[in-house]
Amino acid sequence: MDSLDSKLEMVIDFILQMKMDMFMLAAQSVVSDNDFNKLQTHNYYSSTSISALPNHIYCQFLNIVLPTQQVTCTHIFQKHWFKERRLLNLSEINEPRNLMLLFRPIEIAFDESRIIFLWDSTSKSFKRKILDPGLRFDSKTMLPPTILDLAMRAFPKDYTPSTPVNSKFKKSLVDLEGDSLKFASSIPFKRCLAFHATRARYEAIHVHKWLQKEDFDIPEDAWSPNISESPELKSFIELWRNAE
């Protein structure tokens, strides 16, 4: 009997670990003509289709226009999770409100759980929050890395310390933390950003060891009404939130 109980516990632990690892965050690919055209219905630029990408695209994190090849059309509920999209009631993974246009170094930080965009009920907006302490403090310079520092690492051929840049590039993520994201029209789905933030918090605590469990939690009002009460989704939320 003890042997049977032991095997049952092993099976349960295996299933729990599978659920823990099911939605690992990972950096995604750069923007394509196809991705950009998906965004037309979201009125980022116009309601009419286009034949090719423009030379410059607006980054929704920095609120400035950047060369298109430096911007990623990122899926908040990530593209490789598309078979599980029903979990967040997404009709398709390319739902425009599941997409954001981000400067590539920002997108990588977002996809790798280093930063999140968390709903603030007071300002009725999404605010930037840093999870990775490495984005707060560079051990070499003893200062927070600036956007230009991140740009030089990502695009060494395009950026140097003397490259003329927008004033936003001279700011650090610490300078921008707590500021609200600004959108031209429809905002992303709250449920997608809340799911990302909940998963990112779990990885920041248990995978990367950047934070302690008690440092912060994802508020209930970060979710769309009633969405987080779905039994299947709730099981993931509670598993990640309460993991030891």
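The values are calculated or read from the model by the stated rules, or taken from the named source; none is laboratory data. These numbers were taken from a predicted model, which means no experiment stands behind them. Glycine also receives a Cβ, built like all others from the backbone with ideal geometry; neighbour counts cover every protein chain displayed. SASA here: full protein model, heavy atoms, side chains in, ligands and nucleic acids out. Shrake-Rupley method; radii C 1.70, N 1.55, O 1.52, S 1.80 Å.
Pairs linking a residue in the stretch 198-226 that is of a type in the set (A, V, I, L, M) to a residue that is assigned to a loop (DSSP other than H, G, I, E, B) and surrounded by 22 or more Cβ atoms within 10 Å (Cβ to Cβ), with Cβ atoms under 7 Å and 6 or more positions apart or on different chains, are Ala200/Ser113; Ala200/Leu131; Ala204/Ser113; Ala204/Leu131; Leu211/Leu131.
Selection within the stretch 122-136: residues that are within 18 Å of the chain's Cα centre (by Cα) and open to solvent by 50 Å² or more (accessible area, probe 1.4 Å). The member of this set that is nearest to Ser185 (Cα to Cα) is Lys127.
Filtered by the rule that a residue be surrounded by fewer than 13 Cβ atoms within 10 Å (Cβ to Cβ) and part of a loop (DSSP other than H, G, I, E, B), the stretch 179-217 gives Lys182, Ala184, Ser185, Ser186, Lys209, Gln212, Asp217. Only residues that are farther than 18 Å from Leu211 by Cα and not in a helix (DSSP H, G or I) were counted across the stretch 167-177, and they come to 2. The set of residues in the stretch 53-101 that are of a type in the set (S, T, N, Q), open to solvent by 80 Å² or more (accessible area, probe 1.4 Å) and within 30 Å of Pro225 (Cα to Cα) comprises Asn89, Ser91.
In the stretch 227-244, the qualifying residues are those that are polar (S, T, N, Q) and in contact (Cβ under 8 Å) with a residue 60 or more places away in the chain, and the one that is farthest from Lys190 (Cα to Cα) is Ser235.
Of all residues assigned to the stretch 153-160, none qualifies as being surrounded by fewer than 19 Cβ atoms within 10 Å (Cβ to Cβ), outside any loop (DSSP other than H, G, I, E, B) and hydroxyl-bearing (Ser, Thr, Tyr).
Checking each residue in the stretch 161-175 for being touching a Ser or Thr at 6+ places or on another chain (Cβ under 8 Å), within 25 Å of Leu193 (Cβ to Cβ) and open to solvent by 50 Å² or more (accessible area, probe 1.4 Å) picks out only Lys171.
Among the residues of the stretch 137-152, write down those that are of a type outside the set (Ser, Thr, Tyr) and open to solvent by 40 Å² or more (accessible area, probe 1.4 Å).
Phe137, Lys140, Met142, Leu143, Pro144, Asp149, Met152
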